[in-house]
1. Out of curiosity, is I233 at pLDDT below 95 and either more than 29 Å from G73 (Cβ to Cβ) or not assigned by TED's automatic domain parsing to the domain that holds H131 (or both)?
2. Is there a residue being farther than 19 Å from D139 by Cα and under 24 Å from the mean Cα position of the chain (by Cα) anywhere in the stretch 233-249?
3. Kindly provide the set of residues from the stretch 114-137 that are more than 10 Å from the chain's Cα centre (by Cα), in a helix (DSSP H, G or I) and over 30 Å from P238 (Cβ atoms), ordered by number.
4. Within the stretch 73-113, restricting attention to residues that are surrounded by fewer than 19 Cβ atoms within 10 Å (Cβ to Cβ) and under 27 Å from R243 (Cβ atoms), which residue is nearest to the chain's Cα centre (by Cα)?
5. Select from the stretch 180-211 the residues that are free of Cβ contacts under 8 Å to residues at least 24 places away in the same chain and in a helix (DSSP H, G or I) and write down the one among them that is nearest to A64 (Cα to Cα).
6. Conditions first: (1) within 23 Å of T88 (Cβ to Cβ); (2) crowded, with 19+ Cβ neighbours inside 10 Å. T219 passes all but one, so which condition is the exception?
7. If W39 passes every condition in (1) surrounded by 12 or more Cβ atoms within 10 Å (Cβ to Cβ); (2) under 23 Å from the mean Cα position of the chain (by Cα); (3) not assigned by TED's automatic domain parsing to the domain that holds C176 but one, which one does it miss?
8. Restricting attention to the stretch 42-65, which residues are surrounded by fewer than 16 Cβ atoms within 10 Å (Cβ to Cβ) and either farther than 26 Å from K187 by Cβ or among the aliphatic types (A, V, I, L, M) (or both)?
Amino acid sequence: MLTIKEIEEKLKNEHEPAEWIEELKNDQRAGVHKALARWQRNYEMKEIQLQEHQEKIAFDRSYAPFTEALVAGVDEAGRGPLAGPVVTAAVILPVDSPELVGLDDSKAISKEKREQLAKKIRQVALAYSIHIQPADKIDKLNIYAATRESMEKAVGELAPQPDFVIADAMSLNTNCQTASVVKADAKSLAVAAASILAKTTRDAIMDTIHNDFPMYNFTKNAGYGTTEHLSAIREHGPCEHHRKTFEPIKSIIADETSILI
């Protein structure tokens, strides 16, 4: 008879139901039942992920204008923060991408998992591009226009060019047909991939900016208006990476100017 530890090790290498696994139900040992329950939960979770993966692929292919059409997904990271760039990404995935089972909207995945997926996306993508729109351009254009321009540039830099583009809640002007889909990062595999690349790239940028401006703690807040971040802005004033047209930074600058006058 196998020990509980041996059974646990054997279960780790089983990815599909098998007769010997079914027979474990008759084992009287509590440890065996716990190991079996664990394996069953993991198996069911993987089955759900596989089903969701296929649904995301089907969603993307539903927009393909012809059988071999290349469908790109586009998403952004960083529209809401008070500091740092907006980063957009465009991705074209192969129809079959089993390596990306479990890929989801970047907000629903841990930082460690996002980094792992970002590597896989770069490896399997037929094409991807990333565009960085800095804070001064956001102030010049406004956040909506700056994000849209960045998305369009990301699409334009794809090689090969897509036949159709799915964008997350943004109407784009590109050389091919596009669709603006609300919450596309939860429905489309390509948009979810773009979401991961945009988020991981922006996080890395904010970590780098933090090294130059540690007083704002960008590594922790990523530029969002946390209580700590707002307090640092009031104490030190905004830096070159802050969005001067965003409140409350706009009012803080105005107050400082009025005091000087």
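1. Working: at pLDDT below 95: no; either more than 29 Å from G73 (Cβ to Cβ) or not assigned by TED's automatic domain parsing to the domain that holds H131 (or both): yes.
No; evaluated as a whole, the condition is false for this residue.
2. The first filter runs over the stretch 233-249 and keeps only residues farther than 19 Å from D139 by Cα, leaving 234-236.
Filter once more, so that each one left must be under 24 Å from the mean Cα position of the chain (by Cα): none.
Within the stretch 233-249 (the criterion being farther than 19 Å from D139 by Cα and under 24 Å from the mean Cα position of the chain (by Cα)), the answer is no, since none of the residues qualifies.
3. Q116, K119, K120, I121, R122, Q123, V124
4. Here is the first cut: in the stretch 73-113, the ones surrounded by fewer than 19 Cβ atoms within 10 Å (Cβ to Cβ) are 79-80, 94-96, 98-99, 101-102, 107-108, 110-113.
Among the residues that remain, those that are also under 27 Å from R243 (Cβ atoms) are: 79-80, 107-108, 111.
Values: R79: 13, G80: 15, K107: 6, A108: 8, K111: 10 Å.
Taking the candidates together, the pick is K107.
5. Within the stretch 180-211, the match that is nearest to A64 (Cα to Cα) is A204.
6. Every condition holds for T219 apart from (2).
7. Unmet condition: (2).
8. Hits for the stretch 42-65 are M45, I48, L50, A58, A64.
The values are calculated or read from the model by the stated rules, or taken from the named source; none is laboratory data. This structure is a prediction, so every number in the text was calculated from the model and none was measured. Here Cβ is always computed from backbone atoms with ideal geometry, including for glycine, and neighbour counts include all displayed protein chains.
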